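Quick one: structure below, then a few questions.
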Amino acid sequence: MGRYLFSLFLISTLSEWSVFAEQSYVGHGIESVSAETLKNFAPPALPSELSRRIQSLLDLRSPGMGIPSEDGRHLAFSWAVTGTRQIWRMDGPLSFPIQMTGGEDATAIAAWTPDNKYLILSRDRKGEEYPGLYLQKVQGGELIEIQHKPKINTEFAFVSEDSKYIYFRANDIRRDSYAIYQYAIETRTKTLIFSEVGYWEILDHKPDGTCLLANVKGNMSQEIFLWNMHKKELKPLLGLGDGDELDMRFAHSDGEYLLLTNKYSDFRRLYLFKSQDAEPMPLTAEMDMDISSFSIDAKRSRILYVVNDRGYSHVEAMNAKTFEKITLPTLSELEQRIFGSTTLNSRFTSFAIFSANRPETSYVYDWASGQMTQWLLPSSPEISTDTFIHPELEAYIARDGTKIPMFVYRSPTCQKPCPVIVDFHGGPESQAKPSFSLFVQLMLAEGFSYVLPNVRGSDGYGKKWVEADDGRKRMEVITDIEDAAIFIRQQWAHQGLAPKIAITGGSYGGYATLLAMTKFAGAYDAGFSVVGISNLITFLENTAPYRRALRIVEYGDPIRDKEVLEELSPTRHIGKIAGPLMIIQGVNDPRVPAGEAIQIYEKMKARHLDGQLVLFPDEGHGVSKRANIALMMGYKLQFFKKHLMEEKKVTELSDKPSTEKDEL
């Protein structure tokens, strides 16, 4: 950790050290962007017919999974039916929903108090991702602020079984560390109970005040500690200095723990851990797929876990004492399933199922009666989702022979060779999955094929795969982005004509788009980047302090790896751009500052390159409000139709060797 803290010190003193290659902007958030810039790049209106079509499509939506009350009679959930995610309550399955919160700020449900008197809510202002924590009486009414400070993350941890205290973490003492607080509901007072330096989070707790804490070292590495909040004792348990991916909960028996990790194999497995002196006992089978998440109920009677089978998710259950399998009811073999919250009395658990042609649908399972009850209904006015296209899991071959998995949606109405949109996911430690997507289905209806790759560095394919792009290693595998286009042009040609191809993506996918259009100029015919990094060094300088150390672990140290970071920055290769590029950015983004979008656009403009920039002043890391989603979908549709609906001859392809299609 020492070298990362040293790097942070250097980053914080840039004006004196002059470490970075360029400093064209400072900070993040709306205060870092001038009023003139906001005016010049304000979102333009869509043609009325296009807007009407997209708005109609957006009426197809589903509520969030929801959290059941302790007695199982109510469900609190988020829903964006007003245009912004707010909280709703239902007092019975498929009953009429009651709106609990409103306004322009997105609100999420964190928990019920066990006595069913309060909802615990999280609210974010204009996409800033500096959420505050609130209470609201279950009957409704005004929100009671627990804590909401500018530029501070206040995040719920747990509520005590007696409904007296709420525990939360916040980085209000140090911007790059999290302290832990206790909030007394009756007196509405908070008390600082833990303030060690580190990126701390509470993984689990017991009624006696014993907690499992994680000190997060990177997006994929943690150190685990035992902490007694009453005795103020902090003891290391596992992972100190190892850089391992660890997730832990208290098991059924005292002194035993459930451990999810890829420390002992290439894929994540669930183990029973007793001490560092004994080998952990595997609880799930050795298989070439990850256990992506797990939970154990408060009574330590049942374990739920999600198996990630190459992007397809399903839930398994086992007895927490005997580790024998518990059979869950089957809803459908076609849908993916995930679990949500279990009540503290261990009786009710929320589930959600979804697929490419079925929006998320929520259920609550009663463990006492064995009944799985549907609570929420998705809406699809004037649209039948039965016609929506399912993807096929295929692969392309990278230049070193590695098979790169990709989900491929093929349009049934396209004019061959079908124009192709390649969409790279964020993260980068994330995974493209065959989920329900209105935009994908809109593009298919317009005659585009749609591709979702999982390049090296993606999650879900083992430890070696997800770590393949860490730091300097990114130089060795970044060509996966270019190889996707080479493969598609050569293998999907029709009668001597190659398809035209666009690249798009958000966050890291936005960075992949910018890099494809610069460093790998000519690979794609057009690029549409959303909140993408344009320079890895200025990004590390200006991203929010609470994220900086985690991102250094992923991308590289700005001092030690400076040359690599510069080479992998799209701005370094700006003069190579050979196709049109559109850039979308939320101004309040704390992760990828708006300056990343502005600086690359200005460099393009100085060279008279074909570029367009749109800034959303009321959004953060992405676009979440309905009106803005409609605009962005319209921009994408217009952009792709303009630049991809022309044919290109095979003779114009790269002279690199062809690769053959390979299905997984």
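Could you check the spin-label model distance between Ala35 and Leu58? Points 7 Å from the Cα along Cα→Cβ, value in nm.
2.8 nm
Find how many whole Å separate the alpha carbon centroid of segment 36-69 from the alpha carbon centroid of segment 84-161.
23 Å
Run the numbers for Ser51 and Ile193: contour at 0.36 nm per residue of separation, minus the present Cα-Cα distance, in nm. Could you put the intermediate results ahead of the total?
Values: separation 142, 0.36 × 142 = 51.12 nm, distance 5.14 nm.
Computed gain between Ser51 and Ile193 is 46.0 nm.
Of the listed peptides 266-276, 364-374, what is their order by residue-averaged count of other C-beta atoms within 10 Å, with the highest listed first?
Ranked from most to least packed, the peptides come out as 266-276, 364-374.
Which one, (1) -0.80, -1.01, -1.26; (2) -0.72, -0.91, -1.13; (3) -1.01, -1.06, -1.13, gives log10 I(q)/I(0) by the Debye sum over Cα atoms at q = 0.09, 0.10, 0.11 Å⁻¹ as derived from the coordinates shown?
Matching entry in (1) -0.80, -1.01, -1.26; (2) -0.72, -0.91, -1.13; (3) -1.01, -1.06, -1.13: (1).
Tell me, in nm to one decimal, what length is gained between Ala42 and Asp266 on full extension, where the rule is 0.36 nm per residue of separation less the Cα-Cα distance?
Details: separation 224, 0.36 × 224 = 80.64 nm, distance 4.68 nm.
Result for the pair: 76.0 nm of gain on full extension.
Holding the Cα-Cα limit at 23 Å, pick out from Lys263/Lys299; Lys137/Lys164; Lys403/Lys576 the pairs that are longer than that.
Values: Lys263/Lys299 28 Å; Lys137/Lys164 14 Å; Lys403/Lys576 28 Å.
Among Lys263/Lys299; Lys137/Lys164; Lys403/Lys576, the Cα-Cα distance tops 23 Å for Lys263/Lys299; Lys403/Lys576.
Convert each backbone phi in segment 287-299 into a coupling constant with the Karplus relation 6.51 cos²θ - 1.76 cosθ + 1.60 (shift: θ = phi - 60°), then list the ³J(HN,Hα) values in order as whole Hz, x for Gly and Pro.
7, 7, 7, 8, 8, 7, 6, 7, 8, 10, 6, 5, 7
Taking the Cα centre of segment 353-458 as origin, sum charge times position over the Cβ atoms of Lys and Arg (+1) and Asp and Glu (-1), and report the length of that vector in debye to the nearest 20.
Working: 7 positive and 10 negative charges, 74 e Å.
Taking the Cα centre of segment 353-458 as origin, the dipole is about 360 debye.
Where a ≥ b ≥ c are the square roots of the eigenvalues of the C-alpha gyration tensor, would you call segment 255-320 rounded, which needs a/c under 1.5, or, failing that, prolate if a/b is larger than b/c, or oblate? Provide the component values of the computation, followed by the final result.
Working: a/c = 2.58, a/b = 1.17, b/c = 2.20.
Note, shape of segment 255-320 comes out oblate.
Let's see if you can work this out: charge +1 on each Lys and Arg Cβ, -1 on each Asp and Glu Cβ, no other charges. What is the dipole magnitude of segment 212-301 about its Cα centre, in debye to the nearest 20? Kindly include the intermediate steps, with their values, before the conclusion.
Numbers: 11 positive and 15 negative charges, 101 e Å.
The dipole of segment 212-301 has a size of about 480 debye.
Enumerate the calculated ³J(HN,Hα) couplings along segment 181-195 in order (Karplus 6.51 cos²θ - 1.76 cosθ + 1.60, θ = phi - 60°), each rounded to whole Hz, writing x wherever the residue is Gly or Pro.
Values per residue, Gly and Pro as x: 10, 10, 10, 8, 5, 5, 9, 6, 10, 10, 9, 6, 10, 7, 8 Hz.
Given 0.36 nm per residue, what is the gain on full extension from Asp254 to Lys403 after removing their alpha carbon distance, in nm?
49.2 nm
Continuing with the same structure: Please work out the Cα center distance from segment 478-496 to segment 238-297, rounded to the nearest Å.
Each part's Cα centre sits 40 Å from the other's.
Quick one: if the Förster radius is 41 Å, what FRET efficiency do Met287 and Leu377 give, using the C-beta to C-beta distance and rounding to 0.05?
Values: r = 35 Å, r/R0 = 0.85.
E(calc), rounded to 0.05, equals 0.70.
Skipping prolines and chain starts, which residues have an amide H placed within reach, meaning under 5 Å, of the one on Asn153, given they are 5 or more residues away or on another chain?
Asn171
With charges only on Cβ, +1 for K and R and -1 for D and E, what is the dipole size of the chain about its Cα centre, in debye, rounded to 20? Spell out each step's value before the answer.
Details: 74 positive and 86 negative charges, 171 e Å.
I would put it at about 820 debye.
Sticking with this one: Considering Cα pairs under 8 angstrom that are at least six residues apart, work out the relative contact order of the chain and quote it in whole percent. Can you show the working numbers first?
Values: 1596 pairs, mean separation 89.5, N = 664.
Here the relative contact order equals 13 percent.
Suppose R0 equals 51 Å; then what is the FRET efficiency for Met645 and Val26 from their Cβ-Cβ distance, rounded to the nearest 0.05?
On the way: r = 41 Å, r/R0 = 0.81.
FRET efficiency, Met645 to Val26: 0.80.
At 7 Å along Cα-to-Cβ for each site, give me the label-to-label distance between Glu563 and Lys231 in nm.
Computed distance between label sites Glu563 and Lys231 equals 5.3 nm.
Determine the calculated [θ] at 222 nm for the chain from helices alone, applying -39500 (n - 2.57) to every DSSP H run no shorter than 4 residues and normalising by the residue count; nearest 500 deg cm²/dmol.
Values: 14 runs with 127 residues, N = 664.
Taken over the chain, the calculation gives -5500 deg cm²/dmol.
Rounded, prolate or oblate: which one fits segment 32-105, using the alpha carbon gyration tensor with axes a ≥ b ≥ c (rounded when a/c is under 1.5, else prolate when a/b beats b/c, else oblate)? Can you show the working numbers first?
Values: a/c = 4.34, a/b = 1.94, b/c = 2.24.
The shape class here is oblate.
In the chain, which Cys residues have no partner Cys with a Cβ closer than 4.7 Å?
Cysteines of the chain left without a disulfide-compatible partner: Cys211.
Using a Förster radius of 41 Å, what is the FRET efficiency between Ser384 and Leu240 based on their Cβ-Cβ separation? Nearest 0.05, please. Could you put the intermediate results ahead of the total?
Details: r = 55 Å, r/R0 = 1.35.
Efficiency computed from Cβ-Cβ geometry: 0.15.
Moving to a separate point now. Can you tell me what the convex hull of the Cα atoms of segment 287-435 projects to on average, as an area in nm²? It would help to have the intermediate numbers written out before the result.
Values: hull surface 49.3 nm².
If I average the Cα hull's projected area over directions, I get 12.3 nm².
Excluding same-chain residues fewer than 8 positions from Lys642, which lysines have a Cα within less than 21 Å of its Cα?
Of all the lysines, those that pass the test against Lys642 - Cα under 21 Å, at least 8 places apart if same chain - are Lys416, Lys500, Lys605.
Still on this structure, I have one more. Among 118-124, 36-42, what's the highest-first ranking by average C-beta atoms within 10 angstrom per residue? Don't skip to the end; give the middle numbers.
Working: 118-124: 22.4, 36-42: 13.4.
Top of the packing list down: 118-124, 36-42.
Shifting gears a bit: May I ask which residue of Ser534, Ser275, Val81 lies farthest towards the positive end of the charge dipole of the chain, with charges of +1 (Lys, Arg) and -1 (Asp, Glu) on Cβ and the Cα centre as origin?
Farthest towards the positive end: Val81.
State the Cα centre-to-centre distance between segment 400-466 and segment 524-553 in whole Å.
Using only Cα atoms, the two centres lie 22 Å from each other.
Taking +1 at the Cβ of each Lys and Arg and -1 at the Cβ of each Asp and Glu, which of Ser379, Ala398, Thr343 sits farthest along the dipole of segment 336-477 towards its positive end, judged by Cα position relative to the Cα centre?
Ala398
Let me ask something else about it. Taking H as built 1.01 Å from N, whose amide H comes closer than 5 Å to the amide H of His314, not counting residues under 5 places away?
It is Val307, Asp309, Arg337, by chain and number.
Under the rule a/c < 1.5 gives rounded, and otherwise a/b versus b/c splits prolate from oblate, where does segment 167-231 land using the Cα gyration tensor? Mind dumping the intermediate values first?
Numbers: a/c = 2.33, a/b = 1.33, b/c = 1.75.
Verdict is oblate for segment 167-231.
Throughout, read-outs are computed from the coordinates displayed, never taken from laboratory work. All values derive from a computational prediction rather than experimental measurement. Here Cβ is always computed from backbone atoms with ideal geometry, including for glycine, and neighbour counts include all displayed protein chains.
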